[in-house]
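Remarks on the structure that follows.
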Amino acid sequence: MDAADMGRDLSNVLISEDELQAKIKELAGQIDADYAGKDLLIVGVLKGAVMIMADLARALHVPVQMDWMAVSSYGAGTKSSGVVRVLKDLDTDIANRHVLVVEDIIDSGLTLSWLLNNLQSRNPASAEICALLRKPDAVKVPIDVKYVGFDIPNEFVIGYGLDYAERYRNLPFIGTLAPHVYGGE
Ligand SMILES: O=P(O)(O)OC[C@H]1O[C@H](OP(=O)(O)OP(=O)(O)O)[C@H](O)[C@@H]1O
Ligand SMILES: [Mg+2]
């Protein structure tokens, strides 16, 4: 796929690279203040959270350790299957640790609600969520999110870690997908 193909697949740019980076600095400032003097473990949820984890971690000033979980509920489609599968568990024992889960998006909320329950059963000192994007109109399970970057409309988005059928993750901005790509009008 070349740049022209990529351009035709995009419907529009929802959040620019500059807006993303400014928001990440703002979130990092809040996290720095809240976790000052604490030992923080940030947990990225593969694969969508790779970009936000990499940029957020570099914007933080508090010392952190990084770990990763891989879960999948979307497979290759644009709808959550509702079934969360753990593809890779943490390497770290999180008992008595301050844990901040870093996610690219809360859509239905099914993934994070399941994940938070799972992590809480391991007795961390605290477990909070930082999500770059949230779709308020799509949420099916209420989730207590401490840090949110942007509330966005209920449309399928791509870029900055977010994929459609494993593509577009490397776009540096968030865009919406043209309906022709996934079989719409
Ligand atoms: O709130 P929900 O409706 O549960 O959707 C959010 C989840 O779906 C996506 O993951 P996906 O299963 O596509 O895996 P990926 O990160 O590897 O793309 C996204 O990265 C979140 O983890
Ligand atoms: Mg995905």
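The values are calculated or read from the model by the stated rules, or taken from the named source; none is laboratory data. Every value quoted in this text rests on a predicted model; they were computed, and no experiment measured them. Don't worry about glycine lacking a Cβ; one is built from the backbone with ideal geometry, like all the others, and counts go over all protein chains shown. Only protein heavy atoms, including side chains, enter the accessible area calculation; ligands, DNA and RNA are left aside. Shrake-Rupley method; radii C 1.70, N 1.55, O 1.52, S 1.80 Å.
Among the candidates Ala165, Ala178, which residue alone is open to solvent by 40 Å² or more (accessible area, probe 1.4 Å) and out of contact with any Cys (no Cβ under 9 Å at 6 or more places or on another chain)?
None of the other options fit; the residue is Ala165.
Please specify each residue of the range 125-144 satisfying the condition of being within 14 Å of the chain's Cα centre (by Cα), open to solvent by 10 Å² or more (accessible area, probe 1.4 Å) and more than 11 Å from ligand 1 (Cβ to nearest atom).
Passing the criteria: only Glu128.
I'm checking my understanding of the structure. Among residues of the range 84-124 that are among the basic types (Lys, Arg) and in contact (Cβ under 8 Å) with a residue 40 or more places away in the chain, which one is least open to solvent (accessible area, probe 1.4 Å)?
In this case the residue turns out to be Arg97.
Within the range 29-47, work out how many residues are in a loop (DSSP other than H, G, I, E, B), within 16 Å of ligand 2 (Cβ to nearest atom) and modelled with pLDDT of 95 or more.
0
For the range 9-28, name all the residues that are outside any loop (DSSP other than H, G, I, E, B) and either among the small types (Gly, Ala, Ser) or farther than 24 Å from Val181 by Cβ (or both).
Those that are outside any loop (DSSP other than H, G, I, E, B) and either among the small types (Gly, Ala, Ser) or farther than 24 Å from Val181 by Cβ (or both): Ser11, Asp18, Gln21, Ala22, Lys23, Ile24, Lys25, Glu26, Leu27, Ala28.
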